[in-house]
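Before any comments, here is the structure.
What follows draws every value from the coordinates through simple rules; no lab data is involved. In this text the structure is predicted, and so the values were computed from the model without any measurement. With ideal geometry, Cβ positions are generated from the backbone for all residues, glycine too; neighbour counts draw on all protein chains shown.
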Amino acid sequence: MTIKLNDVSKSFKSQEKELEVVKDINLTVEDGEFLSLLGPSGCGKTTILRMIAGLDFPSKGDLTENGSPVTGPSPGRGFVFQQYSLFPWRNVLDNIAFGPEVRGMEARERYESARNYIEMVGLTGFEDSYPHELSGGMKQRVAIARALANDPEALLMDEPFAALDVQTRHKLQEELVRIWQEEDKTIIFVTHNVDEAVFLADRVVVLSSSPGEIIKTFKIELERLRDRTSTQFIELKKEITDLVGR
Amino acid sequence: MNKTLISLIIPVILLILWAILTTYTGIIPSYLIPSPSAVWTAFVNLLTNGSLITDTLSTLTRVILGFLIAALIAIPLGVIIGWSKLAQNLSNFIIGVLRPIPPIAWIPFAILWFGVGLGSAIFIIFLGSFFPILINTADGVRRTDKVYIESAYTMGASQLQILKKVYLPAALPNIITGLKVGIGIGLMCTVAAEMIGSDNGLGYLILTSTSMLDSASAIVGMLTIGIIGLGFEYFFRRSERKINW
């Protein structure tokens, strides 16, 4: 899926004042690309992602997927939220089967497919567990599986690993890269963590804070899985970190 | 010590105090509070002549019917009010005004609309149960976390599916709380409800025994209502615990 943002700006009205959070974004996300939106908190990166998802709409400019304007959420653009968004009243299997269920897939078929995704994210054996019984990392694995279960062309991820400890985060990053390689999805990954962006993405788009504007785009051509201790990795990280202003 | 045992300590102390103050010392004369033994005798009488069973069953029937009708109307209405800002704004004022009116105040209209008898009694209990269920349901739906709604949207759910598969389960704990409070208040309305044209029921038992100065039988009626209420409470608390998320 190719996603195009053309002079996209977004402002929110609050008590008579207009606050511009995103300004003049021009960006094309190529089909199958792993793109990271990087910036300090409050730079509007989540707003950009929400607009791509169809959960918010640009105040100015236009936004298209495969050439047609985005008018609302679509199962073709799966979303993984920052905070835990799993339905607490559904077990793991039923959470993952939600998308296929509302789109009318037969029970047998959707559970079979849900089991495949459970296996893909390494949670076999936890089908009947409820979200409150899972650790933070496991919950985000389920959230990823749930978004994948609709077989979306694009996966939009809003700092999905921000709340996890470093080891778990690194593990999930590696698995995400593996899933991306296997599944051939376009991924847009929002983060404020330079290391994470450099580890994951083909391209890192660095945003300034309020209003969020694109400062610079880095193409990262290191081979995957990337070695965090390699000189190129460390140098790239340093260059981007200096730009973001820590 | 066991929880059930602990919860019985105060009732037993009260029972002993009651016996001392009435039977054994006569500090409180029997026309003010009948002795435990008089209440026991009344209980055995009412049980053996079968009227306690009939009264309990007819009160239960009225309460459950009034409660079920209330739930059937209040839950869908509450979902709509919680879901739509417009419905909330439309109904805010009218609910605010109607809710504080004691069900007993409706008795004249109950008689005009439903005649003397079962219909009126059910209507009074319905009024008692209705608002707690309505308000708790609306509140539960309104408080549904936005992230659940948005994730359902991004997975392709329609408005109606979100209503059924997100709002309703998310509000379920609140709905059960509403039902619990609702049936409790419905039960509190039994005496009022059975003032009109009933010739049985625990409220009726309390009213007639009081008018015949048989306060022991009235206490039997009161305690029976209390125990039924405890039973309902237990039932709903178990359903609440079944929701383990």
Just to check I understand the Karplus step: with θ = phi - 60° and J = 6.51 cos²θ - 1.76 cosθ + 1.60, what whole-Hz values come out for region A:60-68, glycine and proline as x?
9, x, 9, 9, 10, 10, 6, x, 9
Taking a crude spin-label model, label points 7 Å out from Cα along the C-beta direction, the A:Lys171 to B:Thr48 distance in nm is 7.2
Spherically averaged projected area in nm², based on the convex hull that wraps the Cα atoms of the protein assembly as shown
32.5
Which of rounded, prolate, oblate describes chain B, given a ≥ b ≥ c as roots of the alpha-carbon gyration tensor eigenvalues and a/c under 1.5 marking rounded, otherwise prolate only if a/b is larger than b/c?
prolate
Shielding by partners, peptide B:162-170 (average Cβ within 10 angstrom, other chains)
2
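Set the Förster radius R0 to 41 Å, insert the Cβ-Cβ distance between B:Ala105 and B:Met212 as r into 1/(1 + (r/R0)^6), and round the FRET efficiency to 0.05.
It comes to 0.95.
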Test of the criteria: in region B:23-129, which chymotrypsin sites (Phe, Trp or Tyr not before Pro) are in a DSSP loop and have at most 15 other Cβ atoms within 10 angstrom of their Cβ?
B:Tyr31
Within 10 Å of each Cβ in A:83-91, how many Cβ atoms from other chains are there, averaged over the peptide?
5
If you line up the Cα atoms of region A:87-151 on their principal axes, what length do they span on each, largest first, in Å?
30, 23, 18
Cα convex hull of chain A, projected area averaged across orientations, nm²:
13.8
Considering the zone a paramagnetic label at B:Ser158 would reach in this model (a point 7 Å from Cα along the Cα-to-Cβ line), which residues of region B:43-80 have amide N under 17 Å from it?
none
Suppose each label sits 7 Å from its Cα in the direction of the beta carbon; what would the A:Glu30-B:Ile243 distance come out to in nanometres?
5.0
Counting only complete DSSP H runs, which helices of chain B cover 27 Å or more along their long axis at the Cα atoms and score a mean Kyte-Doolittle of 1.6 or above?
B:51-83
Principal-axis tilt of helix A:166-183 within chain A, Cα atoms, nearest 10 degrees
80
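Counting only other chains, what is the mean number of Cβ atoms within 10 angstrom of the Cβ of each residue in peptide A:61-71?
Counting other chains' Cβ atoms within 10 Å and averaging over A:61-71 gives 0.
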Taking the 0 to 90 degree range and rounding to the nearest ten, how far is the long axis of helix A:231-244 tilted relative to the main principal axis of chain A, both from C-alpha atoms?
60
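Report the gain in length on full extension from A:Thr2 to A:Thr64: 0.36 nm times residue separation, minus Cα-Cα distance, nm rounded to one decimal.
Computed gain between A:Thr2 and A:Thr64 is 21.5 nm.
Find the relative contact order for chain B and round it to a whole percent, using C-alpha pairs within less than 8 Å whose residues are 6+ positions apart. Each step should come with its number before you reach the end.
On the way: 290 pairs, mean separation 59.0, N = 245.
Answer for chain B is 24 percent.
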Estimated inter-spin distance, A:Asn193 and A:Glu239, nm [label 7 Å along Cα→Cβ]
2.3
